[in-house]
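A.B. asks: Quick one: the structure is below, and I'll ask about it shortly.
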Amino acid sequence: MKPMPTEVPNQQQMVRRIAFFEKHYNLHSDHFVDDDGRVPAQAIDGLIRRYLTVPLPIELLSEDVWCSFRELRGAGPLTVNFANNTHKTITATFGGDLSALDRGATRMGGLLEPGQGYDRRYRFHAFHEVPLILNYNAADDLFPAQACLLFHRSAQNLFDIRELFTLGTYLTGRLIAGGGHS
């Protein structure tokens, strides 16, 4: 009898359940569904598939190197749209309401970290090895609110700039929904 060829499974074939911003997806046949049986949006499905098929860089979290979206390779033409869809949206929504921001961040699994010079610094995980940081200063009598999303430098080795854009805007939308704002 002839031996069967051995096929090396890729990471996607091995994974049956994956967390994306604290929401869990299961692989059923050829598609992902969340715990409620809903299929993710096409962009999110694409991010999950991309994450599962790209080899993780060894240096992924070995260094604590953070950068803004505009500092990432290829961000140039998307920088203004990213700022409008994330930073400005977050500040317009939460302003000086830190309790609403805290609710939204907590519902997304955000971990409050010490952040010198910021009212809040939250760490989120798009995937286990793909963290994002939100630095936030609430509006007060003298200054408007300020928000800045930061990516770990190695994220650009996993995702292209449009996918990183999607990560930031998805985080923004879920943060706002979780904070009780519409």
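The values are calculated or read from the model by the stated rules, or taken from the named source; none is laboratory data. Quantities reported herein were computed from a predicted structural model and do not represent experimental measurements. Don't worry about glycine lacking a Cβ; one is built from the backbone with ideal geometry, like all the others, and counts go over all protein chains shown. Protein only, heavy atoms only, side chains kept; ligands, DNA and RNA dropped before computing areas. Shrake-Rupley method; radii C 1.70, N 1.55, O 1.52, S 1.80 Å.
A.B. asks: Take 170, 136, 118 and sort them by solvent-accessible surface of the protein heavy atoms, 1.4 Å probe, largest at the top.
C.D. replies: 118, 170, 136
A.B. asks: Sorted by accessible area (1.4 Å probe), largest first, how do 67, 148 line up? Display every interim value, and only then the final one.
C.D. replies: Working: 67 0, 148 40 Å².
Largest to smallest exposure gives the sequence 148, 67.
A.B. asks: Follow-up question, since we're still on this one. As a test of the formula, what do you get for the chain when each DSSP H run with n ≥ 4 contributes -39,500 (n - 2.57) and the sum is divided by the residue count, at 222 nm and rounded to the nearest 500 deg cm²/dmol? Before the final figure, lay out the partial values.
C.D. replies: Values: 6 runs with 59 residues, N = 182.
One gets -9500 deg cm²/dmol as the mean residue ellipticity at 222 nm.
A.B. asks: Rounded to the nearest 5, what % of DSSP beta bridges with both residues in the chain are antiparallel?
C.D. replies: Details: 26 of 26 bridges.
DSSP beta bridges in the chain are roughly 100 percent antiparallel.
A.B. asks: Continuing with this model, one more query. Once both axes come from the Cα atoms, what is the angle between helix 98-107 and the longest principal axis of the chain, in degrees from 0 to 90, rounded to 10?
C.D. replies: That works out to roughly 10 degrees.
A.B. asks: Two decimals is fine: what is log10 I(q)/I(0) at q = 0.14 Å⁻¹ for the chain, from a Debye sum with one equal scatterer on every Cα and no solvent?
C.D. replies: -0.79
A.B. asks: Same structure, new question: Any idea how far the Cα center of the range 94-113 sits from the one of the range 123-182, in Å?
C.D. replies: 12 Å
A.B. asks: Tilt of helix 161-178 relative to the longest C-alpha principal axis of the chain, in degrees (0 to 90, nearest 10)?
C.D. replies: Here the helix axis deviates by roughly 60 degrees.
A.B. asks: Beyond 11 Å, how much of the Cα-Cα pair distribution for the range 109-150 remains, as a whole percent?
C.D. replies: Percentage above 11 Å: 64.
A.B. asks: Using the basic label-point model (7 angstrom from Cα toward the beta carbon), what is the residue 42 to residue 73 distance in nanometres?
C.D. replies: 2.7 nm
A.B. asks: Using only the alpha-carbon atoms, how far is helix 42-53 inclined from the longest principal axis of the chain? Give it as 0 to 90 degrees, nearest 10.
C.D. replies: That helix lies at roughly 60 degrees to the long axis.
A.B. asks: May I pose another question? Over the chain, average the accessible area per residue using a 1.4 Å probe and give it in Å², no decimals.
C.D. replies: 56 Å²
A.B. asks: Percent of accessible area on the chain owned by carbon and sulfur, 1.4 Å probe?
C.D. replies: 53 percent
A.B. asks: Another one. In vacuo Debye scattering of the range 77-182, one point per C-alpha: log10 I(q)/I(0) at q = 0.09, 0.14, 0.21 Å⁻¹?
C.D. replies: Debye output, listed in q order: -0.20, -0.50, -1.13.
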